[in-house]
Amino acid sequence: MTIFDLLELDFVQTALIAAAVLGLVAGVLGPFIVTRKMAFAVHGTSELAFSGGAAALLLGIGVGYGALAGSIIAAVLLGVLSRRESDRDSVIGAILAFGLGMGILMLSLYKGRTTNKFGLLTGQIVGVDSTDLKLLVVSSVAVLAVLAFIYRPLFFASVDPDVAISRGVPVRSLSIVFAVLVGVATALSVQVVGALLVLALMITPAAAAMRITASPLRATVLSVVFAEVAAVGGILLSLQPGLPVSALVTAVSFVIYLVCRGIGAVQRRST
Amino acid sequence: MTAISLRGARLSYGDRVLWDGLDLDVEPGEFLAVLGPNGSGKTSLMRVLLGLQPLSSGTVTVAGGNQAVGYIPQQRALDQSMTLRGRDLVGLGLDGYRWGLGLRNRRERKIRVDAAIASVGATRYADEPIGLLSGGEQQRLRVAQALVGDPTVMLCDEPLLSLDLGNQRVVSELIDKRRREANTAVLFVTHELNPVLPLVDRVLYLVGGRFRVGTPEEVMNSRTLSELYRTPVEVVRVRDQILVVGAGACEEQTHHLTAEAAS
């Protein structure tokens, strides 16, 4: 089959739509995650999404709902337990290890097909069906709507917390709300690129964008573009040779990152 | 109308009383310096005025509340790779606390932000990444950030710390200009009085649960400070500087002030 024949297929089209939606959400959240130094928290949350998904598999509920529940619980736990920034690293480490252990236990108890197990770790976007797609689109719209509402105070709290507090911005509540948004987005990404590779969509595009501009608006636009290129481009590249989607999504994402680092280094030298 | 008013204010953590029976009125356009050694409750007073710390007893009123306050924090090294320009920092001071994306009135917003940046002479570097600017440049933008919201009260928490003498003068003069032009009350927490001495109307001096309010002449003299510190303290005026020479209790102060007089 040529690539054009492949693009005719329903499941390929569903996968592309799912990737495009995720790229948008991940791209918009990314600059906040990088500014708030939450890369490790995202990783921890994705492990718990994996555990939630594994629990759902065992209980016979939709994996998507399990992953969603797992990451939201993780996000709230992280928000509540790490009141001080200095605590955060170790709290995430502790929760992450436990969550991953539980996930593996539940997978080992599951008697179903092994491809399902593998998919939770490395992504199974071609397995996304129309129900999953509906959940993904609805959740993404909800995430973007909440983010639009809290955008300015969240930005204030992220870059300048001391002054934000002085102006009455509810910095602590915002950080929990944002953690939940990240939790939802992470759970959605787990479906596409898998728990282990979520960072490729949530962190790398934003980190790349922030290397080449100091304007927050431009950084967000570029981050969305990069995430879209990585997510959609990764799938397109994986179709013909039949390679794993997650491998190509991360590869595209990483190449963009390297190029941006190079551009950033040149820019700094010239100023 | 009084800008800041404290009545019978008491703040204590368990048995430790930071201050008690504090009555203080700061009038519009007044420059009040808050002095005292570490742990005397200067920062806690600031937190009370910002509404972040409830009083143990007594009342506090700040005219206009949080939204009418311009807050200038200590200069702190910002992450060099931070995706933020001076322009963005100042803009947050204008409407960063409001919900939503803020897509309306972009033009009017830009005019106000530009004006605030120009008023502190920061136009040249307002579009540079803020992490790459010098401490003095960052603090000028901090002043613009506090001014752009048109505050009735400015709360300054050691804004000159870690700045060189030239930048200390520039930043304190910018704050002084604002209160003269717009009649903004200034509450200025510092452990070095000398850089702002010519601007100060009154001093609030806090030491170990005791305090004294008055003009610099009334407070910064050997008798008053000896009473406050409960140990002999010598206050000497050298040219335009005040030197506090004390025994133990105010070592830190002495060190700072003499170091400055020598420079």
Fill in: Residue-averaged beta-carbon neighbours from other chains (10 angstrom radius) around B:84-93
5
Worksheet, complete the sentence: GNM on chain A, Cα springs under 10 Å; top mean-square fluctuation among A:Glu47, A:Glu228, A:Glu85 goes to A:Glu85
Fill in: Longest segment of chain B lacking trypsin sites (Lys or Arg not before Pro) that sit in a DSSP loop with at most 16 other Cβ atoms within 10 Å
B:105-229
Worksheet item: Among B:Gln168, B:Gln138, B:Gln53, which one moves the most in a GNM of chain B with springs linking Cα atoms closer than 10 Å?
Response: B:Gln53
Discussion item. In whole Å, what are the extents of chain A along the principal axes defined by its C-alpha atoms, from largest to smallest?
Written reply: 56, 43, 29
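Per residue of chain B, what 222 nm ellipticity follows from adding -39500 (n - 2.57) for every DSSP H run with n ≥ 4, rounded to the nearest 500?
Numbers: 8 runs with 87 residues, N = 263.
Counting only the DSSP helices, I get -10000 deg cm²/dmol.
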Fill in: Charge dipole magnitude, Cβ of K and R +1, D and E -1 - region B:4-221, Cα centre, debye nearest 20
640
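Under a point-charge model restricted to the Cβ atoms of Lys and Arg (+1) and Asp and Glu (-1), what is the dipole moment magnitude of region A:126-205 relative to its Cα centre, in debye to the nearest 20? Numbers along the way, then the final one.
On the way: 4 positive and 4 negative charges, 41 e Å.
In debye, rounded to 20, region A:126-205 gives about 200.
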Worksheet item: GNM on chain A, C-alpha springs below 10 Å: top fluctuator among A:Ile235, A:Ile176, A:Ile203?
Response: A:Ile176
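Sorted by packing (mean other beta-carbon atoms within 10 Å per residue), highest first, where do B:20-32, A:100-112 land?
Listed from highest to lowest mean packing, they are B:20-32, A:100-112.
Could you grab the relative contact order for chain A? Cα pairs under 8 Å, six or more apart, rounded to a whole percent.
Values: 422 pairs, mean separation 83.3, N = 271.
For chain A, the relative contact order is 31 percent.
Across peptide A:167-178, what mean number of C-beta atoms from other chains lies inside 10 Å of a residue's C-beta?
Values: counts 13, 8, 5, 1, 0, 0, 0, 0, 0, 0, 0, 0.
Counting Cβ atoms of other protein chains within 10 Å of each residue's Cβ and averaging gives 2.
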Discussion item. Viscosity 0.890 mPa s, temperature 25 °C: give me the Stokes-Einstein translational D for region B:105-211 in µm²/s, with Rh taken as the Kirkwood radius over C-alpha pairs.
Written reply: 164
Fill in: Computed over the protein assembly as shown, the ratio Rg/Rh where both radii use C-alpha atoms and Rh is Kirkwood
1.08
Practice prompt. Could you give the C-alpha radius of gyration of region B:27-166 expressed as a fraction of 2.2 N^0.38 Å, taking N as the number of residues it contains?
Written response: 1.12
Practice prompt. Kindly give Rg over Rh for chain B, based on alpha-carbon atoms, with the Kirkwood expression for the hydrodynamic radius.
Written response: 0.98
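For region B:57-124, run through the chymotrypsin sites (Phe, Trp or Tyr not before Pro) and keep only the ones in DSSP coil with at most 13 other Cβ atoms within 10 Å of their Cβ.
Qualifying residues, ordered by number: B:Trp99.
Bear in mind these aren't lab numbers, they're just calculated from the coordinates by the rules spelled out. What you see is a predicted model, and the numbers here were worked out from it, not measured in a lab. Ideal geometry is used to build each Cβ from the backbone, glycine not excepted, and the neighbour counts take in all protein chains shown.
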